[in-house]
Amino acid sequence: MQRTRFGDMACSIARTMDVIGEPWSPLILRNVYVGITRFEQLQESLGISRKVLTERLKWLTEQDVLARQQYSSRPPRHEYVLTERGTELCDLLLVMVRWGDRWLAGEAGPPVLYRHHACGRISHVELRCSECGDPMRATDLDVLPGPGSP
């Protein structure tokens, strides 16, 4: 069975899912974001097979989400760092965290807290309109055809 190419669809959600929609990819991004950057560390922390991790890292690097950087020359060793595209995808992960913390954390509460650098307080992501600054939710929007619409 051939995998559907979501990246060819005229839909930003489908195109994004083509890059990170496979279940291991967001977890790899999360780990690189928090500083788990080396292959062995990623494999151990995720419990992922070497084959699958190799495939996902190769894909994320090809998609310019991660970059491979050498940290040792003898022997040659590499680690993975977020690119600009990868860092911006972490913003998407924070929206997923907000949803998971609200609906799935249970009585124990969220497994991780996030401290905002600017104010030093524990916080969570909130979507806001880029034009007026008001909170923005799916129920506050109309979906209109854009310039890339077929």
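Here are some notes:
- Backbone N under 19 Å from the Ser72 label point (7 Å along Cα→Cβ), restricted to the stretch 1-45: 35-45
- Applying the Karplus relation 6.51 cos²θ - 1.76 cosθ + 1.60 with θ = phi - 60° to the stretch 126-142 yields 3J(HN,Hα) values of 10, 7, 10, 5, 5, 9, 10, x, 5, x, 9, 10, 4, 6, 9, 10, 10 Hz, where x marks Gly and Pro.
- In units of the compact-protein estimate 2.2 N^0.38 Å, the stretch 26-100 shows a Cα radius of gyration of 1.10.
- Relative contact order computed over the stretch 17-100 (Cα-Cα under 8 Å; 6+ residues apart), in percent: 30 percent
- Take the convex hull of the alpha carbons in the stretch 84-150; its mean projected area over all directions comes to 7.2 nm².
- Amide H partners (placed H, <5 Å) of His78, local residues excluded: Tyr71
- Residue-wise HN-Hα coupling along the stretch 34-51, computed from phi with Karplus coefficients 6.51, -1.76, 1.60 (Hz; x: Gly, Pro): 8, x, 8, 10, 9, 3, 4, 5, 4, 4, 5, 5, 9, x, 9, 5, 4, 4
- Residue-normalised convex hull volume from the C-alpha trace of the chain: 193 Å³ per residue.
- With every protein chain in place, the stretch 84-150: carbon and sulfur % of accessible area (1.4 Å): 56 percent
- For the stretch 43-143, a crude dipole built from +1 on the beta carbon of Lys and Arg and -1 on the beta carbon of Asp and Glu, taken about the Cα centre, is about 660 debye to the nearest 20.
- The helix-based estimate of mean residue ellipticity at 222 nm for the chain, built from -39,500 (n - 2.57) per DSSP H run of four or more residues and divided by its residue count, is -12500 deg cm²/dmol to the nearest 500.
- Solvent-accessible area per residue in the stretch 1-145 equals 76 Å², computed with a 1.4 angstrom probe and all protein chains kept.
- Among the GluC sites (Glu not before Pro) within the stretch 67-150, those in coil by DSSP and having at most 11 neighbouring Cβ atoms inside 10 Å are Glu107, Glu126, Glu131.
- Net charge of neighbours whose Cβ lies under 15 Å from the Cβ of His124, counting Lys and Arg as +1 and Asp and Glu as -1: +3
- For the stretch 53-150, trypsin sites (Lys or Arg not before Pro) meeting the loop criterion (DSSP other than H, G, I, E, B) and having at most 13 other Cβ atoms within 10 Å: Arg121, Arg137.
- Mean Cα-pair separation over length for the chain, i.e. relative contact order, pairs under 8 Å, 6 or more apart, %: 16 percent
- Taking amide H atoms as placed 1.01 Å from N in the peptide plane, the amide H of Tyr114 lies under 5 Å from those of Ser123, each 5 or more residues away in sequence or on another chain.
- Extending 7 Å from Cα along the Cβ direction at Ser12 and again at Val81 yields two label points whose distance is 2.8 nm.
The values are calculated or read from the model by the stated rules, or taken from the named source; none is laboratory data. The structure presented is a predicted model; accordingly, all values stated were derived computationally and were not measured. Every residue, glycine as well, gets a Cβ built from its backbone with ideal geometry; the counts of neighbours run over all protein chains shown. Side chains included, ligands, DNA and RNA excluded: accessible areas come from the protein's heavy atoms. Shrake-Rupley method; radii C 1.70, N 1.55, O 1.52, S 1.80 Å.
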